[in-house]
Each structure stands twice: as structure tokens, then as C-alpha cells.
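The values are calculated or read from the model by the stated rules, or taken from the named source; none is laboratory data. Quantities reported herein were computed from a predicted structural model and do not represent experimental measurements. As a convention, Cβ positions derive from the backbone with ideal geometry for all residues, glycine included, and neighbour counts pool all protein chains shown. Areas reflect the complete protein model, heavy atoms only, side chains present, ligands, DNA and RNA absent. Shrake-Rupley method; radii C 1.70, N 1.55, O 1.52, S 1.80 Å.
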Amino acid sequence: MYQGKGQKDRVCMLPQTIISQLNVQITHVKAIHDHDLAAGFGLASLPISLMRKYQNSAAQFHWQYLFPASRRCVHPSDHYICRHHIHPTAFSRELRQATKRAQINKRVTAHTFRHSFATCLLRKGYDIRTIQEMLGHTDVKTTQIYTHVIGGHYSGVISPLDHQ
């Protein structure tokens with residue numbers, strides 16, 4: 001099910017440095033899920049066809065979102081009580097508050113991290129085709145937009161004739 005821009009889901013790298021923080025988050029989500037189950041809820045938002053095929057699947061922990069919403073809600077199409085993922089506006093609000101606390105006086109959105117990621121990879125010398133694939137761009141021209149940000153991307157390039 002593609003829900004990203006251009007009907008493509010996005011893939012990102014998982015930095016080794018955040019694994020311990022993710023494990024803390026998983027423990028937190030497990031506690032929320034256990035509390036929901038004890039209260040007679042605990043269902044994940046799954047397609048009804050999947051719930052029919054695997055009867056108890058929606059109550060299984062591995063179907064829960066890593067970043068769940070703070071409240072349970074009624075599933076929009078199947079009308080059972082479930083817990084969706086964190087709402088994009090809630091994430092944006094938290095990001096805006098973090099930006100203020102960090103005294104960053106520029107507009108920062110979730111997409112800013114994508115731009116920063118691509119720019120950092122270019123600065124580290126990764127080839128543009130690899131970055132294009134990682135970002136899910138169909139056309140390399142879309143990825144080349146990031147090259148203007150780094151400026152001086154020809155510095156350090158030596159002519160092949162000078163390698164002899």
C-alpha cells in the first residue's frame with residue numbers, strides 16, 4: 001500500500017546510534033499496548049480482510065505502530081476501536097516546539113531532514129545515483145537539485161591526466 005508522495009513509500013537508513021533509543025520506545029509502546037489490552041482494546045489499525053484471514057492479528061504486538069497516537073479512536077472504515085500512528089500535525093507541533101527550544105530561527109519541517117540527509121551524503125562523497133535510489137527519485141535531475149546547496153562540489157577533483 002503506497003501512501004507516500006508520488007504513490008511511493010520511502011525507505012530510510014536506521015543509524016546504529018539510535019538503536020538503544022528505539023528499544024526504549026518499543027518498551028514504551030509495549031506498555032501502552034498491554035494497558036490497552038487490559039482495558040479491552042489493543043487492536044491495531046489493519047485492513048478488515050487481514051483481520052478476517054488472521055483472526056487475532058490486530059491484537060498482536062508486532063502490528064502496533066512504533067509511534068502510536070496518544071488516544072484510541074474509531075477506525076474510519078471498519079468502526080472498531082483501535083490506536084493509529086501519531087498524527088502528522090502532532091509530529092509537526094512537537095517539531096516546531098523543539099525548533100523553538102533549540103533557538104533555530106528558520107522554518108523546519110519533517111522534509112527538512114530529507115534535504116539534510118541528501119546534502120550530507122553528497123558532502124561525504126557518495127555518488128548521486130546512490131542518493132537518487134535512496135531518496136526514491138525517479139529522475140536523477142530531482143536529486144541533482146541538492147548539489148547546488150553544497151557549493152564547490154568540484155573541489156578536490158583531480159584531472160585524470162594528472163593521475164599518470
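Which one of the conditions (1) over 21 Å from the mean Cα position of the chain (by Cα); (2) in contact (Cβ under 8 Å) with a residue 40 or more places away in the chain does Gln55 fail to meet, given that it meets all the rest?
Against the list (1) over 21 Å from the mean Cα position of the chain (by Cα); (2) in contact (Cβ under 8 Å) with a residue 40 or more places away in the chain, Gln55 comes up short only on (2).
Quick test of your reading of the structure: Gly125 fulfils all but one of (1) part of a loop (DSSP other than H, G, I, E, B); (2) surrounded by 12 or more Cβ atoms within 10 Å (Cβ to Cβ); (3) more than 17 Å from the chain's Cα centre (by Cα). Name the failing condition by number.
(2)
Residue by residue, here is whether (1) out of contact with any Cys (no Cβ under 7 Å at 6 or more places or on another chain); (2) open to solvent by 40 Å² or more (accessible area, probe 1.4 Å); (3) assigned to a helix (DSSP H, G or I) holds:
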{"residue": "Pro76", "(1), (2), (3)": "yes, yes, no"}
{"residue": "Ala90", "(1), (2), (3)": "yes, no, yes"}
{"residue": "Arg93", "(1), (2), (3)": "yes, yes, yes"}
{"residue": "Thr99", "(1), (2), (3)": "yes, no, yes"}
{"residue": "Ile104", "(1), (2), (3)": "yes, yes, no"}
{"residue": "Arg107", "(1), (2), (3)": "yes, yes, no"}
{"residue": "Thr112", "(1), (2), (3)": "yes, yes, yes"}
{"residue": "Thr119", "(1), (2), (3)": "yes, no, yes"}
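Mind checking which residues of the stretch 29-66 are assigned to a helix (DSSP H, G or I) and surrounded by 13 or more Cβ atoms within 10 Å (Cβ to Cβ)?
Hits for the stretch 29-66 are Val29, Ile32, His33, Asp36, Leu37, Ile48, Met51, Ser57, Ala58, Ala59, Phe61, Trp63.
Sort out which residues of the stretch 97-145 are polar (S, T, N, Q), at negative phi and without any contact (Cβ under 8 Å) to a residue 60 or more places away in the chain, and write them in order of number.
Correct list: Gln97, Thr99, Asn105, Thr109, Thr112, Ser116, Thr119, Thr130, Gln132, Thr142, Thr143, Gln144.
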